[in-house]
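The values are calculated or read from the model by the stated rules, or taken from the named source; none is laboratory data. It should be emphasised that the depicted structure is a prediction, and the values quoted were computed from it without experimental measurement. Here the Cβ positions follow ideal geometry from the backbone for every residue, glycine too, while neighbour counts run over all protein chains shown. Heavy atoms of the whole protein, side chains included, go into the accessibility calculation; ligands, DNA and RNA do not. Shrake-Rupley method; radii C 1.70, N 1.55, O 1.52, S 1.80 Å.
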Amino acid sequence: MNQPIEPDHINVPTEALESLRLRLTQVSHSLNTLQAQLHQPTLPPWSSLHNQFNVLLTQLVSLSSTITHQSDILQQTVTFPLPAFPTATEAGLMATLLRKKILPEVEEWCEEVKQKALGVKIRTVDQYGEWAAETVEEAKQEYEWYGLMTREEVDNGVKPPVYVAPEEEAGEGAKLTIEQILQFTCAGKMPTVA
Amino acid sequence: MQQISLYAKISNSQLKICLHALASLTGMDPITILQHTMVWAPAQKYTPKILPGQGGQLDQYRIHVTNDNKNEDKEKIISYVQSKDSKEDIHNLANRQWHFQIMEMPEAGKQKTTSQSISSWSVKKGDSFQFLQSLAYKFQYEYWQKGFQFVYGNAVIQLTRIHILDQTTKNIKLLDPSKQWLVKVYIDVGHLTDIEALNKAVKELEKVKTELHGLMNLEIPDRNAFDTRIR
């Protein structure tokens, strides 16, 4: 009766698990690197953070596609402890290993992200492109681009001239058309403001 | 002469960027313009018996009399309407170097630009008001044009606003309270019959229009708006 049961390894989806393990290790490693970079006393240049973040994103995409690819096998697979497992002493470890429910804090993160995603209307790459173009245009409107200068002028600290509109005291009113202005100048016809 | 022109309007908030763009494009600082224009019209209506085939050929035109106040400090803004109260003012105003213009209606038909015949002459010396009165013309109205000018190739680019006399404050005020600017781009060609020069000028203006696209939309106003004839 006490004969140890030979575990049956044939049905263990080794390949799927191995590929997942590899990718999870990568992601975990990248996250650690990123966290280490962020915790430095002086922040590394944004380009290096950006690169690291890009690596992370690539790995997450790869992980996500691996999970999707293996989802059939993984969903059918049931994990259970072998009789030889020291249940009494390693109860904590077993609970962790067999737990299927998401940890409460992770559940909170998921909820938070879902809530935030409600306001996001961008769903496709094209929509993202449009959004980006609009945002760039908006940002551009906040700056004024002027002043073509030669190298020599820049070196000599010459400041480009700034032209400003003369201040006029005038209230807001309906805009005249070019024709209305011309009719006044050509024939003295006072524009009637609608 | 024949004047080839295109017009646009820009809001006051766009002016700064336009000035900078035009300064970069033309490689020059904007020249400030302050121009006083008086419009004189025939004192008496001329109603000839129109013979067959002569219809529309006997119109009376207003004369536009302009003066550049090159130096606003020396040549202060004097309104013709107000100068009547002061002998000194009217003398000062009458003896400025006035430039006379009679403008024909722009060419009809499908045009790429406004094309208008203008007769013009200048006086060097003397009382221009007496001269106009001797032509049986009388003062009708006046306005001031303030703004900036650029020269780009053969084209002159003017960004101006029309000011009129405010009867209550006795100062000049904007005709268009929305503060917007009128842009006029023009090339003067010697004569209507110089087809080659005209075509070249039209092409040049079209090029300017393309180059300024995005900054302003140069267009051809309704030709009736250019009518300076007496009805």
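Points worth noting:
- Residues in the range B:29-63 that are at the interface with chain A (Cβ under 8 Å from one of its Cβ atoms) and open to solvent by less than 10 Å² (accessible area, probe 1.4 Å): B:Thr37, B:Val39.
- Restricting A:Pro81, A:Pro86 to residues that are touching a residue at least 12 places away in the same chain (Cβ under 8 Å) and closer than 28 Å to A:Pro13 by Cα narrows the list to A:Pro81.
- Members of the range B:172-208 found to be assigned to a strand (DSSP E or B), away from every other protein chain (no Cβ under 14 Å) and touching a helix residue (DSSP H, G or I) at 6+ places or on another chain (Cβ under 8 Å), listed by number: B:Ile187, B:Val189
Rundown of residues vs (1) modelled with pLDDT of 90 or more; (2) exposed (fewer than 10 other Cβ atoms within 10 Å of the Cβ), yes/no style:
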{"site": "A:Leu63", "(1), (2)": "yes, no"}
{"site": "A:Ile73", "(1), (2)": "no, no"}
{"site": "A:Thr77", "(1), (2)": "no, no"}
{"site": "A:Thr87", "(1), (2)": "no, no"}
{"site": "A:Met94", "(1), (2)": "no, no"}
{"site": "A:Leu98", "(1), (2)": "no, no"}
{"site": "A:Lys101", "(1), (2)": "no, yes"}
{"site": "A:Glu112", "(1), (2)": "yes, no"}
{"site": "A:Lys116", "(1), (2)": "no, yes"}
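- Set side by side, the residues B:Lys179, B:Lys125, B:Lys203, B:Lys170 differ, and just one is open to solvent by 20 Å² or more (accessible area, probe 1.4 Å) and modelled with pLDDT of 90 or more, which is B:Lys203.
- Test: residue in the range B:39-62 that is farther than 30 Å from B:Gly126 by Cα, of a type in the set (Gly, Ala, Ser) and part of a helix (DSSP H, G or I): no
- Residue count for the range B:108-129, restricted to those that are outside any strand (DSSP E or B) and in contact (Cβ under 8 Å) with a residue 60 or more places away in the chain: 5
- For the range B:105-119, the count of residues that are modelled with pLDDT under 90, within 18 Å of the chain's Cα centre (by Cα) and open to solvent by 60 Å² or more (accessible area, probe 1.4 Å) is at least one.
- Candidates A:Glu130, A:Glu179, filtered to the one that is at pLDDT 85 or above and within 30 Å of B:Gln145 (Cβ to Cβ): A:Glu179
- Residue list for the range B:1-23, filter: open to solvent by less than 30 Å² (accessible area, probe 1.4 Å), at the interface with chain A (Cβ under 7 Å from one of its Cβ atoms) and in a strand (DSSP E or B): B:Tyr7
- Odd one out for B:Thr26 among (1) within 11 Å of another protein chain (Cβ to nearest Cβ); (2) surrounded by 15 or more Cβ atoms within 10 Å (Cβ to Cβ): (1)
- Filter result (more than 10 Å from chain A (Cβ to nearest Cβ), within 11 Å of B:Ser5 (Cα to Cα) and open to solvent by less than 20 Å² (accessible area, probe 1.4 Å)) within the range B:209-231: B:Leu218
- Just one of (1) more than 28 Å from the chain's Cα centre (by Cα); (2) outside any helix (DSSP H, G or I) fails for A:Ala95. It is (2).
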